[in-house]
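Below: the structure, in structure tokens.
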Amino acid sequence: MTPTKTTYHELQIAYDFFNKHLFNSNLPTCLITLQREKRTYGYFSPERFINREGNKTDEIAMNPAYFAICPPEEIMQTLVHEMTHLWQHHFGQSGRRGYHNKEWANKMESLGLMPSSTGKVGGKKTGDCMGDYVIENGDFKNFCDALLTNDFKISWADRFPAREKLIQANENGTIKAIAEELADWGVEITNDEGELTVELLEQKPTRSKFTCPKCDDSAWGKPSLSLICGNCNVRFKEIN
């Protein structure tokens with residue numbers, strides 16, 4: 001498929017998957033877009049689009065500047081975060097513009113994502129600028145793992161990732177982990193006299209398929225993984 005079809009097809013697959021497993025397929029369809037809003041992973045805009053017949057649909061925007069710099073699970077977090085806003089618009093009572101109220105926070109927590117003003121443990125659960133973190137053994141964690149172990153991936157990303165994320169990682173000492181994530185996309189971070197820059201590396205496969213030689217169960221992951229089949233207790237084989 002073309003890059004356009006591939007990108008939106010993958011996002012639609014993820015939307016439909018989480019709609020089914022987290023929202024009991026109750027959410028209406030929406031228009032998913034890519035928007036480079038500064039310091040914004042994504043946003044929800046109710047009834048933003050209209051067609052010639054007068055039908056309206058909501059928008060969920062995703063920022064591709066974070067696709068290469070964040071783990072796939074974090075991209076899915078953003079999607080479900082915005083889907084929860086969509087749920088509240090149709091089935092609850094949204095707060096004032098930009099405010100994440102208690103109803104939204106409780107729904108997020110029930111899905112397995114803990115709202116946090118800092119994105120970490122201990123942050124406020126309601127407010128204007130809200131992040132979230134994954135609750136271990138929660139529904140989001142379990143279903144996201146199931147999605148990402150199947151033949152699912154985000155194929156295209158902005159090759160110039162969000163700059164504030166790079167600066168933040170450089171300041172808090174997590175730049176190495178960020179660099180490893182970017183390397184999977186063929187992107188390298190260089191630091192020349194305190195100035196962070198991004199360069200392209202020679203492209204290499206980012207994910208491999210692994211198959212059990214006995215039962216043919218499959219999983220996807222980094223080529224460096226060493227996987228054991230839980231059913232057969234034998235090592236998975238990497239399929240090139």
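The values are calculated or read from the model by the stated rules, or taken from the named source; none is laboratory data. No experiment lies behind these values; they were computed from the predicted model shown. So basically every Cβ, Gly included, is an ideal-geometry build from the backbone, and we count neighbours across all protein chains shown. For accessibility, only protein heavy atoms count, side chains too; no ligands or nucleic acids. Shrake-Rupley method; radii C 1.70, N 1.55, O 1.52, S 1.80 Å.
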Here the residues within region 35-47 that are within 19 Å of Thr78 (Cα to Cα) and either in contact with a strand residue (DSSP E or B) (Cβ under 6 Å, 6 or more places away or on another chain) or basic (Lys, Arg) (or both) are Gln35, Arg36, Lys38, Arg39, Gly42, Tyr43, Phe44, Ser45, Pro46
Within region 1-25, restricting to residues that are in contact with a helix residue (DSSP H, G or I) (Cβ under 7 Å, 6 or more places away or on another chain) and farther than 13 Å from Met76 by Cβ, the one that is most open to solvent (accessible area, probe 1.4 Å) is Met1
Gly122 vs (1) within 28 Å of Lys176 (Cβ to Cβ); (2) assigned to a helix (DSSP H, G or I): all pass except (2)
Residues of region 108-129 being within 16 Å of Ile60 (Cβ to Cβ) and either open to solvent by 20 Å² or more (accessible area, probe 1.4 Å) or touching a residue at least 60 places away in the same chain (Cβ under 8 Å) (or both), in sequence order, are Leu111
Subset of region 143-181, residues surrounded by 18 or more Cβ atoms within 10 Å (Cβ to Cβ) and basic (Lys, Arg), comes to none
(1) over 22 Å from Asp145 (Cα atoms); (2) at pLDDT 95 or above; (3) of a type in the set (Gly, Ala, Ser) all hold for Ser110 apart from (1)
Among the residues of region 182-221, the number that are open to solvent by less than 90 Å² (accessible area, probe 1.4 Å) and modelled with pLDDT of 70 or more is 21
Among His90, His100, His85, the single one that is free of Cβ contacts under 8 Å to residues at least 60 places away in the same chain and under 26 Å from Tyr8 (Cβ atoms) is His85
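To keep it simple, each residue is scored yes or no on (1) among the polar types (S, T, N, Q); (2) modelled with pLDDT under 95.
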residue: His21; (1), (2): no, no
residue: Asn26; (1), (2): yes, no
residue: Leu31; (1), (2): no, no
residue: Leu34; (1), (2): no, no
residue: Asp58; (1), (2): no, no
residue: Ala61; (1), (2): no, no
residue: Ala65; (1), (2): no, yes
residue: Thr84; (1), (2): yes, no
Counting only residues in region 97-107 that are at pLDDT 95 or above and open to solvent by 30 Å² or more (accessible area, probe 1.4 Å), the one nearest to His21 (Cα to Cα) is identified as Lys107
Among residues of region 40-77 being over 20 Å from Ala177 (Cα atoms) and not in a strand (DSSP E or B), the residue most open to solvent (accessible area, probe 1.4 Å) is Arg52
